[in-house]
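The values are calculated or read from the model by the stated rules, or taken from the named source; none is laboratory data. Worth saying up front: this structure is predicted, and the values here are computed from it rather than measured. Note that we place each Cβ from the backbone using ideal geometry, even for glycine, and neighbour counts take in every protein chain shown. Quick note on the areas: whole protein, heavy atoms, side chains included, nothing else; ligands and nucleic acids left out. Shrake-Rupley method; radii C 1.70, N 1.55, O 1.52, S 1.80 Å.
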Amino acid sequence: AQRVTQPEKLLSVFKGAPVELKCNYSYSGSPELFWYVQYSRQRLQLLLRHISRESIKGFTADLNKGETSFHLKKPFAQEEDSAMYYCALSGSASKIIFGSGTRLSIRP
Amino acid sequence: DAMVIQNPRYQVTQFGKPVTLSCSQTLNHNVMYWYQQKSSQAPKLLFHYYDKDFNNEADTPDNFQSRRPNTSFCFLDIRSPGLGDAAMYLCATSSSGLTNEKLFFGSGTQLSVL
């Protein structure tokens, strides 16, 4: 069965501090992992996907198959990073499941 | 320019009164999804269409149905809404449904059941 776990409902950090949003997954095969973000009053949108190995808005995420994790990191938080972040997994075609999300709040 | 459009933004219905939520897309994507999201919970996949092929999730209640009359439009029908069906309903699309493709979301319809 596919499962995505985001253990933190809320993460609050100061501006300039490092950020790490945790995501663990359960899947027997080789999944595709994503991070989606929802800013205030905006629609859910893709932030990054592991296959692209990209850094978006200073965020990176590394897939650790041994620990079945895909944590999202940013070295220096900015106020505009405040949003709801969802980790997502796609294990089979046309089926993407989401974690319950972490609300990131950046304090000035 | 909105690419996945959901109407209405807010929908209020009565207990047991059928309701239809609509989604349209200008992306010409093959796959359209419906997710249900309750407060503080993960978006839950209800079903998806790959072109005209309907794919229901095993745990989606029979009370939920869907129609896709053409590539651009997809509807979610709730035959007899219960109080537990109050939620945000999200429509999303992807080009071909491949595992590494991103989803494009609409703004959602917030359904209230009185």
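Can you tell me the length gained on complete extension of the stretch B:THR26 to B:SER96, counting 0.36 nm per residue apart and subtracting the Cα distance?
Details: separation 70, 0.36 × 70 = 25.20 nm, distance 1.48 nm.
Length difference between fully extended and current span is 23.7 nm.
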_Relative counts (whole %) of C-alpha pair distances in chain B, using bins that are 10 Å wide_ = 15, 50, 30, 5
*Rounded to a whole number, what % of the accessible area of chain A do carbon and sulfur atoms account for, probe 1.4 Å?*
48 percent
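How high is the FRET efficiency between B:GLN14 and A:GLN42 when r is their beta carbon distance and R₀ equals 25 Å, given to the nearest 0.05?
Calculated transfer efficiency: 0.25.
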*If a/c stays under 1.5 just call it rounded; otherwise compare a/b with b/c (prolate if a/b is bigger, oblate if not). Do that for the protein assembly as shown, with a ≥ b ≥ c from the square roots of the Cα gyration tensor eigenvalues.*
prolate
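Note down the magnitude of the dipole of the stretch B:4-108 about its Cα centre, charges +1 on Lys and Arg C-beta and -1 on Asp and Glu C-beta and zero elsewhere, to the nearest 20 debye. All intermediate terms of the calculation are to be shown ahead of the outcome.
Working: 9 positive and 8 negative charges, 59 e Å.
Taking the Cα centre of the stretch B:4-108 as origin, the dipole is about 280 debye.
Need one value for B:36-46: mean number of C-beta atoms belonging to other chains within 10 Å of its residues' C-beta atoms.
Partner-chain Cβ atoms within 10 Å, mean over residues of B:36-46: 4.
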*Just how far, in whole angstrom, is the stretch B:1-21 from the stretch B:45-114 if you go by their alpha carbon centroids?*
11 Å
*Roughly speaking, to the nearest percent, how much of the stretch B:1-40's 1.4 Å accessible area is carbon and sulfur?*
46 percent
*Give me the accessible area per residue for the protein assembly as shown, probe 1.4 Å, as a whole number in Å².*
49 Å²
*Starting from the Cα of A:SER26, move 7 Å in the Cα-to-Cβ direction to define the label point; list residues of the stretch A:55-99 whose amide nitrogen is under 19 Å from there.*
A:64-71, A:87-92, A:96-99
*Multiply the residue gap between A:ARG3 and A:GLU79 by 0.36 nm, knock off their C-alpha separation, and tell me the result in nm, one decimal place.*
24.3 nm
*Over all directions, average the projected area of the Cα convex hull of chain A and note it in nm².*
6.6 nm²
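Using a Förster distance of 30 angstrom, determine the FRET efficiency expected from the C-beta separation of B:SER40 and B:ASN70, and round it to 0.05.
0.25
As an exercise, use a Förster radius of 25 Å and the Cβ-Cβ distance of A:ARG53 and A:ALA17 to find the FRET efficiency, rounded to the nearest 0.05.
Efficiency at R0 = 25 Å is approximately 0.50.
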*Using the structure shown, list the pairs from B:LYS17/B:LYS102; A:LYS22/B:LYS102; A:LYS74/B:LYS102; A:LYS15/A:LYS73 with a Cα-Cα distance above 24 Å, or answer none.*
B:LYS17/B:LYS102
